[in-house]
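K.L.:
Structure in structure tokens, see below.
The values are calculated or read from the model by the stated rules, or taken from the named source; none is laboratory data. Keep in mind that this is a model prediction, so the values were computed, not measured. Reconstructed Cβ throughout: ideal geometry from the backbone, glycine too, with neighbour counts over all protein chains shown. Heads up: the accessible areas ignore ligands, DNA and RNA and are worked out on the full protein's heavy atoms, side chains in. Shrake-Rupley method; radii C 1.70, N 1.55, O 1.52, S 1.80 Å.
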Amino acid sequence: YGIPDDAFVLLTLGRLHHVKRPDIAINTLAAVRSHNLKAHLILAGPDSEGLAPALVAQARELQVDSYVHFTGLLEGDDVVQVLVDADLLLMPSEVVENFGRSAAEAMAAGLPVIVSTGIAIGAWAEKAGAGLQVACSDEAFAQAVITLLGMPDELPEMGRRGTEIAQREFAGDAVAQKMLAHYQSIIHTGAPLGPG
């Protein structure tokens, strides 16, 4: 995509859908660039609602269209590569989501995340110091991104903490052990284990 090596790469990973608020990501990019921070935005995912023309128009109006890149659906190694190449994952969503798989994948890849408050994994990321959970608004996302990009030396450490928590809490073996403990509790007590 012709992104310079010294530019920050912001990433959204998932289908382009109005509830996923890709418009917030574009407004965030414009705010970041207005603070003289070199940044590009990758919108990686299928355009399930035909939003791309409106998003391109939005980016053009904000004069950031040459810094916004649409990949379409990515699979396999291409997903891994975009996670490795990015500096921050942005995951605004105006609806409550049950988990936030893209954020979990980003954390596993060592990528700090900024997610909206309706995404459950955001609480894990923030508690671990692997990202931020903010309101689903232009202002909140812009401020969070500008803050984190203002301390670039911290990003690798945030990514490392994200990888640790993803391995400890969300890897297949960890999830299987937790499920087994819940099933054993149900067999012996009639109820699953409590939270924590």
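K.L.:
Which whole-number percent gives the relative contact order of segment 63-196, counting Cα pairs below 8 Å spaced six or more residues apart?
P.N.:
19 percent
K.L.:
Under a Cβ-only charge scheme (Lys and Arg +1, Asp and Glu -1), can you give me the dipole magnitude of the chain about the Cα centre, in debye to the nearest 20?
P.N.:
So the magnitude is around 460 debye.
K.L.:
Checking understanding here: applying a Kyte-Doolittle mean of at least 1.0 and a length along the axis of at least 27 Å (C-alpha), which whole DSSP H helices in the chain pass?
P.N.:
Both cut-offs are met by no helix.
K.L.:
Along the charge dipole of the chain, pointing to its positive end and built from +1/-1 on Cβ of Lys, Arg, Asp and Glu, which listed residue (Q58, V145, L180) has its Cα farthest out?
P.N.:
Checked the options; the winner is L180.
K.L.:
Spin-label point model (7 Å from Cα, Cβ direction): what's the V96 to L193 distance in nm?
P.N.:
That separation, rounded to one decimal, is 2.5 nm.
K.L.:
Share of segment 1-44's accessible area from carbon and sulfur, percent, 1.4 Å? Write out the running numbers ahead of the final one.
P.N.:
Working: 900 of 1810 Å².
Of all accessible area on segment 1-44, carbon and sulfur atoms account for 50 percent.
K.L.:
Which of the three applies to segment 17-124, rounded, prolate or oblate, going by the alpha-carbon gyration tensor with a ≥ b ≥ c and a/c under 1.5 meaning rounded?
P.N.:
On the way: a/c = 1.40, a/b = 1.34, b/c = 1.05.
Rounded shape, in that the Cα axes give a/c under 1.5.
K.L.:
Oh, and also: Restricting to bridges with both residues inside segment 54-196, how much of the DSSP beta-bridge set is antiparallel, in percent to the nearest 5? Intermediate results must be reported in sequence, preceding the final value.
P.N.:
Working: 0 of 8 bridges.
Taking every DSSP beta bridge with both residues in segment 54-196, the antiparallel ones total about 0 percent.
K.L.:
Let me ask another. Along Cα→Cβ, 7 Å out, is where each label goes; now give me the distance between the ones at N36 and T147 in nm to one decimal.
P.N.:
Here the answer is 2.3 nm between the modelled labels.
K.L.:
Only one of the listed values, (i) 16.4; (ii) 17.3; (iii) 18.4, was derived from the coordinates as Kirkwood radius over Cα pairs in Å; which label is it?
P.N.:
Read-out taken from this structure: (ii).
K.L.:
While we're on this one: Report the relative contact order of segment 1-125, percent, no decimals, based on alpha-carbon pairs under 8 angstrom and at least 6 residues apart.
P.N.:
Details: 218 pairs, mean separation 34.2, N = 125.
Relative contact order, segment 1-125: 27 percent.
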